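Engineer: Pasting a structure here, questions to come.
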């Protein structure tokens with residue numbers, strides 16, 4: 001099988017908020033592909049992160065696409081707001097969307113890439129009838145809400161199953177993985193079929209974050 005270098009999306013949830021501009025510039029100069037921005041409401045997940053004003057501020061400095069992950073109730077109410085704030089990719093949780101098809105269409109109608117997020121306990125087979133509507137699927141490999149958690153090993157099987165579904169349907173849907181990702185498991189994730197790796201602590205807690213990004217990018221090669 002031919003393996004491609006993964007897209008790397010450093011998670012700004014792990015950045016130094018007192019020096020966020022510097023961290024954004026570091027990502028701009030690095031081999032990273034996207035900025036990953038986690039938006040949490042304290043209801044769907046037991047934490048509150050940042051919202052629209054911070055996304056808008058990040059956009060003024062970011063030279064790479066903003067991958068905005070909505071961990072919120074009723075995400076469909078805020079699609080236009082996040083578009084206006086600067087989101088290039090917008091993902092919503094399967095677990096909170098009553099009308100997922102319509103929500104994905106609304107995201108795409110605003111010229112953003114649309115993603116579906118699955119919590120660790122949600123099986124990929126729930127996507128059977130909706131997969132063709134998604135530009136990417138984000139598999140959570142930790143329980144969403146906090147950074148620095150341990151990777152859930154069952155994620156490897158979920159990636160393999162999802163990749164089978166994508167190939168069977170002849171789709172171009174990307175598989176993104178978020179949670180507990182580092183050099184210890186990046187190669188195995190790529191082998192399983194992951195296309196995009198979200199990394200928080202593995203990047204921003206490293207003494208040389210730019211080198212960490214480069215090593216993740218080239219972890220298979």
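The values are calculated or read from the model by the stated rules, or taken from the named source; none is laboratory data. Everything numeric here is computed off the predicted structure, so don't read it as measured data. Because the Cβ atoms are built from the backbone with ideal geometry, glycine has one as well, and the counts that use them run over all protein chains shown.
Engineer: So which residues in segment 39-54 are outside any strand (DSSP E or B) and surrounded by 15 or more Cβ atoms within 10 Å (Cβ to Cβ), if there are any at all?
Structural biologist: Result: 44, 45, 47, 49, 50, 51, 52, 54.
Engineer: Surrounded by 23 or more Cβ atoms within 10 Å (Cβ to Cβ), in contact (Cβ under 8 Å) with a residue 40 or more places away in the chain and either out of contact with any strand residue (DSSP E or B) (no Cβ under 8 Å at 6 or more places or on another chain) or more than 17 Å from residue 138 (Cβ to Cβ) (or both): which single residue out of 203, 198 fits that description?
Structural biologist: Exactly one residue qualifies, and that residue is 203.
Engineer: Another one. All but one of (1) modelled with pLDDT of 95 or more; (2) within 17 Å of the chain's Cα centre (by Cα); (3) buried (at least 17 other Cβ atoms within 10 Å of the Cβ) hold for residue 100; state the number of the condition that does not hold.
Structural biologist: Unmet condition: (2).
Engineer: Under 6 Å by Cβ, and 6 or more places apart or on different chains, what pairs join a residue from segment 1-21 that is under 30 Å from residue 164 (Cα atoms) with one that is modelled with pLDDT under 95 and surrounded by fewer than 16 Cβ atoms within 10 Å (Cβ to Cβ)?
Structural biologist: Final answer for the pair search is 3/220.
Engineer: Sticking with this one: When segment 1-14 is examined, which residues are found to be under 22 Å from residue 219 (Cα atoms), outside any strand (DSSP E or B) and within 19 Å of the chain's Cα centre (by Cα)?
Structural biologist: Selection gives 4, 5, 6, 12, 14.
Engineer: Further question on the same structure: Sort out which residues of segment 107-133 are closer than 15 Å to residue 76 by Cα and surrounded by 17 or more Cβ atoms within 10 Å (Cβ to Cβ), and write them in order of number.
Structural biologist: Listed by number, the residues that qualify are 107, 112, 113, 114, 115, 116, 117.
Engineer: Further, regarding this structure: Residue 144 is checked against (1) touching a residue at least 40 places away in the same chain (Cβ under 8 Å); (2) not in a loop (DSSP other than H, G, I, E, B) and fails just one. What number does that condition carry?
Structural biologist: It fails just one condition, (2).
Engineer: Say whether the condition of being in contact with a helix residue (DSSP H, G or I) (Cβ under 7 Å, 6 or more places away or on another chain), buried (at least 20 other Cβ atoms within 10 Å of the Cβ), within 28 Å of residue 102 (Cα to Cα) and in contact (Cβ under 8 Å) with a residue 60 or more places away in the chain is met by at least one residue in segment 22-37.
Structural biologist: yes
Engineer: Sticking with this structure for a sec: Quickly run through segment 60-84 and pick out the residues that are more than 26 Å from residue 127 (Cα to Cα) and in a strand (DSSP E or B).
Structural biologist: Matches in segment 60-84: none.
Engineer: Further, regarding this structure: Say whether the condition of being part of a helix (DSSP H, G or I) and either under 17 Å from residue 7 (Cβ atoms) or in contact with a strand residue (DSSP E or B) (Cβ under 8 Å, 6 or more places away or on another chain) (or both) is met by at least one residue in segment 109-123.
Structural biologist: Within segment 109-123, not a single residue is part of a helix (DSSP H, G or I) and either under 17 Å from residue 7 (Cβ atoms) or in contact with a strand residue (DSSP E or B) (Cβ under 8 Å, 6 or more places away or on another chain) (or both).
Engineer: Report yes if residue 156 is buried (at least 19 other Cβ atoms within 10 Å of the Cβ), closer than 26 Å to residue 203 by Cα and out of contact with any strand residue (DSSP E or B) (no Cβ under 8 Å at 6 or more places or on another chain), otherwise no.
Structural biologist: yes
Engineer: Go over the candidates 32, 57, 87 one by one and state the one that is over 23 Å from residue 132 (Cβ atoms), at pLDDT 95 or above and assigned to a loop (DSSP other than H, G, I, E, B).
Structural biologist: 32
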